[in-house]
Amino acid sequence: MPVPQPGKGQVVVRVEAAAVNPIDVKRAGGYGQRLLTLRGAGRFPLVLGNDIAGVVEAVGPAVTSWRPGDRVFGLVPTGKNGAYATHVAVDARWLRPFVAGHDAHALAAFPYTFTTLWQSLCKAGISEANARGCEVLVHGASGGLGRLAIQLLRRWGAIVTAICATQNVEVCKSLGATGVWDRKRQPLSGLPQCYDAALNFGAWQDEETLIAALKPGALGMATTVHPLLPNFDKHGWIGGAWRTRRDFQRARTLATAKGARYGWVVFKPEEEALDALHRLLSEGALKLPVGIAVPFANARQAFDHVAWQRPGRALLLPPVVCRR
C-alpha cells in the first residue's frame, strides 16, 4: 500500500511497535464484522490494531504540536486503517511524547488498554476524587485491563479485590490487590455483597453475579465484555438490536436496584485518558510486562500468545521502510 499522506490535523508516524489486544484476535476471526462495517472496519481491505509507538515523519495542515523526528506513542481509532503498518496517518490529538525511560516496546503496550480502563472507571463512577476507601471488585484481574486497574485504584487509595485464576493469585497481590478471589477454587456466587463498585473484564456470563455483589448504595459497575458486537453478528440488525437492548436493560435494572450506575464500555480515543496515561507513566506508576515481540512475518505467534492467554503483552514490530 502507498505510504499515507497526512490530512488536516494529522501526522504520519513511522511505526516502531504496535500491540496486539484481545479485540484484535477476535476481529481477525470475524468478530464484530456486522456492526463495525458502519465504521468502515468490517470489510477488506482491513488493517487491525490501535496502539502505536514510533517517529513522526510528516505533519499535515494545522498541526503545530508535532514536527518530523518527534518520538510519539498513542492511538489509532478503530477503522479500516489500523496500527499494523509501517506508516499510519493519525489525528495529532491521539499522540503523546515518549516518556523518559520507556522505549517503543514498553509504550506501545499501554494506550488502548489504559484508555479502555479509564472509560470503565468513568462508567462505574470511580475517580481519583472518590476512590479512597472504596471497595472495588475487579473481574479478569490478571489481564492487561485488570493489572492496570489494580495499580491505578491502589494508587488512588481504593481497596481492591481481584478475581483471577489460581496461577495468578500472587501476581495480583504483588500489584496491590488487598484481597484475591480464586475463581477456580471459590464460586463467584459466594462473593459477599459489600462492594462499592465492580469492573467486569472477565466474562459476560458472570455479569449478574457481580452486580449482586454490590452493596446497597454502591457507586456503579462497568463491563467491557458485554454482548453488543456478538449480538449483531449472530442475530442480524433487528434481532441484534432487540437482544442488546434486552441484555443491557436487564443488567441495568439489577444495578439500579442497588442504587448503582451501570454502563457498557465501547472503546474510543480520549484525550483525558491519554493525558492521564502520560502523567502516570512519567511518575513510574504503571507497568505492563511484554511477553512477546515479533516482526510482522511472525504475527501469528503474537496472535496465538494473546489467544492462549499467555503472560505479558504481545507486540508486532514493523520492518523499517524508508519513505520515498
Flagged links, alpha-carbon separation over 22 Å, of 26/234; 26/268; 8/268; 173/215; 173/287
173/215
Give the shape of segment 1-44 as rounded, prolate or oblate, defined through the alpha-carbon gyration tensor: a ≥ b ≥ c are the square roots of its eigenvalues, a/c under 1.5 means rounded, and otherwise the shape is prolate if a/b is larger than b/c and oblate if not.
oblate
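How much net charge surrounds residue 249 when only the other residues with a Cβ under 15 Å from the Cβ of residue 249 are counted, with Lys and Arg +1 and Asp and Glu -1? Intermediate values should be presented prior to the final figure.
Numbers: positive: 243, 245, 246, 250, 252, 261; negative: 207, 208, 247.
So the surrounding residues net to +3.
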Options 127, 164, 195, ranked by Cα towards positive dipole end of segment 116-202, top entry (Cβ charges)
164
The correct pair for segment 221-324, radius of gyration to one decimal and Dmax as a whole number, both in Å and from Cα atoms, is 19.6, 61
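Given a Förster radius of 45 Å and the C-beta distance between residue 253 and residue 64 as r, what FRET efficiency does 1/(1 + (r/R0)^6) yield to the nearest 0.05? All intermediate terms of the calculation are to be shown ahead of the outcome.
On the way: r = 48 Å, r/R0 = 1.08.
Here the calculated transfer efficiency is 0.40.
Taking loop as defined by DSSP and a crowding limit of 16 other beta carbons within 10 Å, which trypsin sites (Lys or Arg not before Pro) in segment 158-189 fit? Intermediate results must be reported in sequence, preceding the final value.
Values: sites: 173, 183, 184, 185; in loops: 183, 184, 185.
For trypsin sites (Lys or Arg not before Pro) across segment 158-189 that sit outside H, G, I, E and B with at most 16 neighbouring Cβ atoms in 10 Å, the list reads 184, 185.
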Among 11, 113, 259, whose Cα sits farthest toward the positive end of the charge dipole of the chain (+1 at Cβ of Lys/Arg, -1 at Cβ of Asp/Glu, about the Cα centre)?
259
Skip the ligands, DNA and RNA, and give the accessible area per residue of segment 174-226 with a 1.4 Å probe, whole Å².
43 Å²
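Over the chain, what is the relative contact order in percent, taking alpha-carbon pairs closer than 8 angstrom and at least six residues apart?
Numbers: 713 pairs, mean separation 65.1, N = 324.
After rounding, I find 20 percent.
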Could you tell me the accessible area of residue 3 in Å² (1.4 Å probe, neighbours in place), rounded to the nearest ten?
50 Å²
Name the shape class, rounded, prolate or oblate, that the alpha-carbon gyration tensor gives for segment 66-152, where a ≥ b ≥ c are the square roots of its eigenvalues, rounded holds for a/c under 1.5, and otherwise prolate holds if a/b is larger than b/c and oblate otherwise.
prolate
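Quick one: compute the contact order of segment 57-190, relative version, from alpha carbon pairs under 8 angstrom and 6+ residues apart, as a percent. Intermediate results must be reported in sequence, preceding the final value.
Numbers: 161 pairs, mean separation 20.2, N = 134.
It comes to 15 percent, rounded to a whole number.
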Return the whole-Å distance between the Cα centroid of segment 234-261 and the Cα centroid of segment 111-154.
23 Å
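What is the magnitude of the charge dipole of segment 13-134 about its Cα centre, with +1 placed on the Cβ of each Lys and Arg, -1 on the Cβ of each Asp and Glu, and no other charges, expressed in debye to the nearest 20?
Values: 13 positive and 8 negative charges, 95 e Å.
With Lys and Arg at +1 and Asp and Glu at -1, about 460 debye.
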Placing unit charges on C-beta atoms (Lys and Arg positive, Asp and Glu negative, everything else neutral), compute the dipole magnitude of the chain about its Cα centre in debye, rounded to 20.
600 debye
Which whole-number percentage describes the relative contact order of segment 1-81, with Cα contacts under 8 Å and a sequence gap of 6 or more?
39 percent
Here D for segment 104-167, in µm²/s, from Stokes-Einstein with a Kirkwood Rh over Cα pairs at 4 °C and 1.567 mPa s, works out to 106 µm²/s
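Suppose every Lys and Arg Cβ carries +1 and every Asp and Glu Cβ carries -1, with no other charges. What dipole size does segment 108-260 come out with about its Cα centre, to the nearest 20 debye? The partial results should precede the final answer.
Details: 17 positive and 10 negative charges, 27 e Å.
Dipole of segment 108-260, to the nearest 20 debye: 140 debye.
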Suppose accessible area is computed on protein heavy atoms with a 1.4 Å probe; arrange 105, 139 from highest to lowest.
105, 139
Alpha-carbon Rg/Rh ratio, for segment 1-136, with Rh computed the Kirkwood way:
1.02
Cα gyration tensor of the chain - equivalent ellipsoid semi-axes, whole Å, descending:
33, 22, 18
Please name whichever of 274, 308, 294 sits farthest to the positive end of the charge dipole of segment 271-324, dipole taken about the Cα centre and charges placed at Cβ: Lys and Arg +1, Asp and Glu -1.
294
Computed FRET value (nearest 0.05) for residue 93 with residue 166, which takes r as the C-beta separation and R₀ as 41 Å
0.45
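The values are calculated or read from the model by the stated rules, or taken from the named source; none is laboratory data. Just so it is clear, the structure is predicted and the values come from calculations on it, not from any experiment. Positions of Cβ are generated from backbone atoms using ideal geometry, with glycine treated the same way; all protein chains shown enter the neighbour counts. Remember, those area values only see protein heavy atoms, side chains included, never the ligands or the DNA or RNA. Shrake-Rupley method; radii C 1.70, N 1.55, O 1.52, S 1.80 Å.
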